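First the structure, in the form of structure tokens, and then the observations on it.
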Amino acid sequence: MKLVSYKTEDREHLGLFIKGHIYNLNSCDKLIPDSMNEFLNGGEELMDRAKKVDNEIKSGKQEAKEEIFFEVLAPVPHPSSCRDGYAFRQHVASARKNRKVDMIPEFDQYPIFYFTNHNSIQGVGDIECMPDHFEKLDFELEASIVIGKKGRNVKASEADDYIAGYMIMNDMSARTLQMEEMLLNLGPAKGKDFSTVIGPWLVTPDELESYKIPAKPGHTGNAYALDMKCWVNGKEVSSGSMGDMDWTFAEIIERCSYGADILPGDVIGSGTVGTGCFLELNGTGLLNDPDFKPQWLQPGDIVEMEITGLGRLTNTIIKADTDWSILKLKKKSI
């Protein structure tokens with residue numbers, strides 16, 4: 001089942017995406033709320049009702065009116081929180097090698113994540129960026145999950161049951177802002193908080209059963225062999241697989257929920273797949289060729305991401321009409 005959020009006449013709705021068409025769930029079953037957040041808070045009962053409607057529309061048992069004039073939103077337009085993990089060893093190892101530092105052994109000891117701005121979630125469409133964001137503006141090709149029920153101290157062996165569905169994620173990154181502030185060892189903030197893109201729809205786990213593979217040795221939880229790709233202006237720049245995740249989403253949930261509640265509507269990203277951002281690609285290019293020309297996102301660029309089974313997420317980079325800069329506010333050294 002593919003769940004979408006969309007807007008008509010300034011009202012947000014919850015729908016099903018079936019063979020290129022969107023159907024409003026509430027109009028098919030009045031007990032299903034007309035918003036993603038309320039739906040996720042309804043737990044397994046509402047999920048089962050939605051799957052019944054989905055099956056009836058697909059089989060022709062229910063005639064549903066498709067939506068015609070609408071604006072597609074992020075599948076979860078108002079997440080209760082947004083975390084991003086660090087699950088792909090290849091990305092971490094390559095990025096560190098490019099900086100001429102050894103692979104950090106702690107990566108293999110426990111999964112980590114950081115909180116990003118859940119109020120800057122976006123779906124398909126334009127991404128407006130400030131001038132400072134264009135100082136080494138980057139994409140990050142990731143997968144993500146949405147939590148479907150409340151939990152606390154969830155064990156990895158049980159954590160997959162808390163996943164309502166999967167999505168593509170583009171963790172937009174302003175690298176100059178990120179690199180400057182992380183010199184103070186407090187994690188990414190202004191380099192990340194302007195936009196995180198998810199979509200185009202929320203895919204329930206049952207649709208991915210045929211792609212399931214064993215987790216890597218020593219790890220616990222579901223893993224999936226899903227191809228991941230990114231194009232910028234029609235040119236492929238990144239290719240990887242969700243099956244390359246070293247830490248599973250189940251293990252990331254285990255850490256997230258330790259001593260803290262996870263809630264329906266929480267979004268958790270996988271972290272960047274190997275080759276999944278210009279920061280890594282530029283570093284590798286320069287390491288192998290001193291004449292390599294680094295690439296960063298520019299105004300007007302079209303970024304397309306695709307993950308097998310999860311759809312294609314398309315965005316256009318737009319420059320805000322302003323010259324306001326916080327980089328220019330830096331104080332001089334005493």
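The values are calculated or read from the model by the stated rules, or taken from the named source; none is laboratory data. Computed from a predicted model, the values in this text were never measured in an experiment. With ideal geometry, Cβ positions are generated from the backbone for all residues, glycine too; neighbour counts draw on all protein chains shown.
If only one of E181, E209 is more than 29 Å from V4 (Cα to Cα) and assigned by TED's automatic domain parsing to the domain that holds Y258, which one is it? Lay out the reasoning, then the answer.
Numbers: E209 fails: more than 29 Å from V4 (Cα to Cα).
On inspection, the qualifying residue turns out to be E181.
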Query raised in the report: From the residues in segment 57-107 that are without any contact (Cβ under 8 Å) to a residue 12 or more places away in the chain and not assigned by TED's automatic domain parsing to the domain that holds C256, which one is farthest from H21 (Cα to Cα)?
Result: K61
Report task. Mind listing just one residue for me: the one in segment 313-334 that is in a loop (DSSP other than H, G, I, E, B) and among the basic types (K, R) and, of those, modelled with the lowest pLDDT? Result -> K332
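Answer yes or no: is there a residue in segment 239-252 that is of a type in the set (F, W, Y) and within 19 Å of H91 (Cα to Cα).
Kept after step one, since they are of a type in the set (F, W, Y), are these residues of segment 239-252: 247, 249.
With the extra rule that they be within 19 Å of H91 (Cα to Cα), the set shrinks to 247, 249.
Looking through segment 239-252, at least one residue is of a type in the set (F, W, Y) and within 19 Å of H91 (Cα to Cα).
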Report task. Only residues that are aliphatic (A, V, I, L, M), part of a loop (DSSP other than H, G, I, E, B) and surrounded by fewer than 20 Cβ atoms within 10 Å (Cβ to Cβ): list them for segment 67-107, please. Result -> I68, V101, M103, I104
Query raised in the report: Does any residue of segment 18-27 turn out to be under 21 Å from L226 (Cβ atoms), outside the structural domain of W247 (by TED's automatic domain parsing) and touching a strand residue (DSSP E or B) at 6+ places or on another chain (Cβ under 9 Å)?
Result: yes
Report task. Could you check, for segment 2-13, whether at least one of its residues is farther than 22 Å from L313 by Cα and at pLDDT 95 or above? Result -> yes
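Specify the residue that is surrounded by the fewest Cβ atoms within 10 Å (Cβ to Cβ); the eligible residues are those in segment 284-312 that are of a type in the set (D, E, K, R) and part of a strand (DSSP E or B). So that I can check it myself, show each step before the final result.
Initially, segment 284-312 is screened for residues of a type in the set (D, E, K, R), giving 289, 291, 293, 301, 304, 306, 312.
Narrowing the set further to residues that are part of a strand (DSSP E or B) leaves 304, 306, 312.
Details: E304: 17, E306: 18, R312: 14.
Top of the filtered list is R312.
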**Report entry** Subset tally (residues that are more than 15 Å from C129 (Cα to Cα) and crowded, with 20+ Cβ neighbours inside 10 Å) for segment 168-187
**Finding:** 2
Query - So E209, is it buried (at least 16 other Cβ atoms within 10 Å of the Cβ) and without any contact (Cβ under 8 Å) to a residue 12 or more places away in the chain - result: no
Requested in this report: Among the residues of segment 313-333, write down those that are over 30 Å from K235 (Cα atoms) and surrounded by 11 or more Cβ atoms within 10 Å (Cβ to Cβ).
Outcome: S325, I326, L327
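Residue by residue through segment 146-159, note down the ones that are at negative phi and in a loop (DSSP other than H, G, I, E, B). Working first, answer last.
Our first condition is that a residue be at negative phi; within segment 146-159, this holds for 146-152, 154-159.
Selection gives G148, K149, K150, V154, K155.
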Query raised in the report: Are there any pairs with C-beta distances below 9 angstrom linking a residue in segment 125-149 that is of a type in the set (F, W, Y) to a residue that is assigned to a strand (DSSP E or B) and crowded, with 24+ Cβ neighbours inside 10 Å, with the two at least 6 apart or on different chains, and if so which?
Result: F134/A174; F139/N170; F139/D171; F139/S173; F139/V197; F139/C230; F139/M305
Query raised in the report: Does at least one position in segment 136-145 carry a residue that is in a helix (DSSP H, G or I) and surrounded by 16 or more Cβ atoms within 10 Å (Cβ to Cβ)?
Result: no
